[in-house]
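To keep things clear, I will list the structure first and then write my remarks on it.
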Amino acid sequence: MTARRDDLPAGKMNPIGITIAAEDARQADVAALMEEADDYLRTLYPAQGNRPVDVDALSAPGVAFLAARRNGSLLGSVALRPIGPGHAEIKRLFVQEAARGCGLGRRLLATLESEARLRGIDRVSLEVGIKQPQAIRLYRSFGYRDCGPFGTYRLDPLSLFMTKRLAP
């Protein structure tokens, strides 16, 4: 059964018409979305616990940057950054507040996992803050499991590290 616009919970965005595609991250609206994400994280964590993401880093060779848009408006994004043979890191899954609650985060994550498989990635890892229970629930629902720090990360009491083996 398809939800009609008037069947959606109050304040929830209708997901119809939202597209997800690979894009160049060096766009003004992407920079604005990353700033919005950084602002949100600053409300949750002390300055030393924040790791702002540079838009140029999301455009580096080998990085997959996916954007979710409706009628050209950027609603959310996520990136996949290679960190070793067959291993990549999920970076900055973020959905604007107005677009939350319609499954867009799930769609972005599923699309990113598909892109990882196409690139021959069989393991994806991520770092998420412990004060983001919705994000942690999302990752656990996709089969992500706790792991130790990876790449250049170090143990941090405000961070949770997770990983998942991707089936072919």
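The values are calculated or read from the model by the stated rules, or taken from the named source; none is laboratory data. Keep in mind that this is a model prediction, so the values were computed, not measured. In this analysis, Cβ positions are derived from the backbone assuming ideal geometry, glycine residues included, and neighbour counts consider all displayed protein chains.
The table below lists the values:
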read-out	value
Residue check for VAL30: within 16 Å of LEU93 (Cα to Cα) and part of a helix (DSSP H, G or I)	yes
Condition check for VAL128: at pLDDT 95 or above, within 15 Å of ALA22 (Cβ to Cβ) and touching a helix residue (DSSP H, G or I) at 6+ places or on another chain (Cβ under 7 Å)	no
Test: residue in the stretch 66-75 that is of a type outside the set (Gly, Ala, Ser), assigned to a helix (DSSP H, G or I) and either at positive phi or in contact (Cβ under 8 Å) with a residue 40 or more places away in the chain (or both)	no
Qualifying residues in the stretch 53-65 (those that are surrounded by 12 or more Cβ atoms within 10 Å (Cβ to Cβ) and assigned to a loop (DSSP other than H, G, I, E, B)) - the one modelled with the highest pLDDT	VAL63
Leading residue by the ranking (modelled with the highest pLDDT) among those in the stretch 31-49 that are surrounded by 14 or more Cβ atoms within 10 Å (Cβ to Cβ) and more than 21 Å from GLY105 (Cα to Cα)	TYR45
Failed criterion for THR19 (all others in (1) over 21 Å from PRO82 (Cβ atoms); (2) free of Cβ contacts under 8 Å to residues at least 60 places away in the same chain; (3) surrounded by 13 or more Cβ atoms within 10 Å (Cβ to Cβ) hold)	(3)
Members of the stretch 114-168 that are buried (at least 17 other Cβ atoms within 10 Å of the Cβ) and of a type in the set (Val, Ile, Thr)	ILE121, VAL124, VAL128, ILE136, THR163
